[in-house]
Structure formats: structure tokens, C-alpha cells
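Coordinate-derived values only; no laboratory data. None of these values were measured; they are calculated from a predicted model. In this analysis, Cβ positions are derived from the backbone assuming ideal geometry, glycine residues included, and neighbour counts consider all displayed protein chains.
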Amino acid sequence: MQLAVWGEPSDINMPSGNPPAASPFELDNPYPNPMDAGTTLEFTLPRQSTVSMWVVRARGVASDNTGYFNVGGGSMYSFPTVVRKLASGKALPAGRFAVNWDSRDENGSDVPTGFYRVYFQAGDFAAFHDILLARSPYDLPPGLRNPGIH
């Protein structure tokens with residue numbers, strides 16, 4: 001199975017070519033997104049579940065949309081490094097939850113402007129969402145800047 005580096009939220013357990021089955025688990029769109037300092041991730045659990053949620057750096061704003069690199073004439077896939085673990089094997093009861101990511105890494109340092117991906121797993125359900133972090137509109141290429149901000 002291959003995951004896109006940037007795209008629509010996706011259930012990574014979805015069989016190829018079939019529409020997604022209705023799931024009582026939910027991972028909502030992060031808000032705000034794009035973000036400048038933090039975002040909220042809300043999810044629903046229909047039953048007690050073990051939850052893990054982590055953030056990875058997908059790519060820089062101006063970098064190519066690829067995870068492949070060439071080593072000694074052969075190609076390898078670059079797996080993203082975990083930037084921050086928001087939950088790691090935490091048992092939660094059924095209900096609605098919110099987790100905030102403050103755009104910092106595991107050491108408490110601000111992460112740079114770029115595209116990030118948050119992965120969510122609860123039991124056998126897995127999903128992800130993409131997030132754009134821009135600390136300033138000037139960090140973005142001109143085509144992505146808000147025309148009302150100078």
C-alpha cells in the first residue's frame with residue numbers, strides 16, 4: 001500500500017478501489033489548517049480503544065513532493081521521522097476527544113514551516129490528515145500567500 005504525501009484525509013486501511021465502509025470511528029479535519037502556532041485534532045471513539053497519534057514532517061513548502069532518494073545507484077524510500085507523539089498506546093473510553101498540537105517537537109522546540117501529517121490509530125482503525133504550518137505568510141511561496149496580507 002502506498003500513501004500520498006499530500007492529499008485528502010484517508011483511511012489507510014481502505015481496500016483499493018472500493019468506497020470506504022461507514023465507520024463509527026472518526027478523525028475530524030484539524031483546525032485551524034493552515035495553522036501558524038497550533039491546531040486541534042478531534043476524534044470520536046465508539047468503544048474503548050487504544051489510541052496512538054503522531055505527527056511527521058511530510059515535506060518543506062518549496063521542496064518536491066517525493067519521498068524517494070537515490071543511494072549508490074539504487075532507489076530507497078525515505079520514511080518520515082516522527083516529530084511529536086501526541087498519544088502512544090493510550091487506553092481511552094468511548095466518547096469524543098480533542099488533542100492540541102502546539103507545533104513543537106518532542107523537545108519543545110518550534111518546528112519549521114512546512115507540510116506535516118498527523119497519523120491516528122484506534123484499535124484496527126487508522127487515518128491521517130495533512131496540516132500546513134506557516135508561522136508567517138512570508139514563509140510561503142507567493143502563490144500560497146493570502147493576498148490580503150502584506
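Things to note:
- Residues of segment 109-126 with amide N under 13 Å of the 7 Å Cα→Cβ point at residue 50: 121-125
- Potential extension, residue 110-residue 138 segment - 0.36 nm per residue separation minus Cα distance: 8.4 nm
- By average C-beta atoms within 10 angstrom, highest first, the peptides 41-50, 93-102, 125-134, 110-119: 125-134, 110-119, 41-50, 93-102
- Extension gain from residue 42 to residue 26, taking 0.36 nm per residue of separation minus the Cα-Cα distance: 4.9 nm
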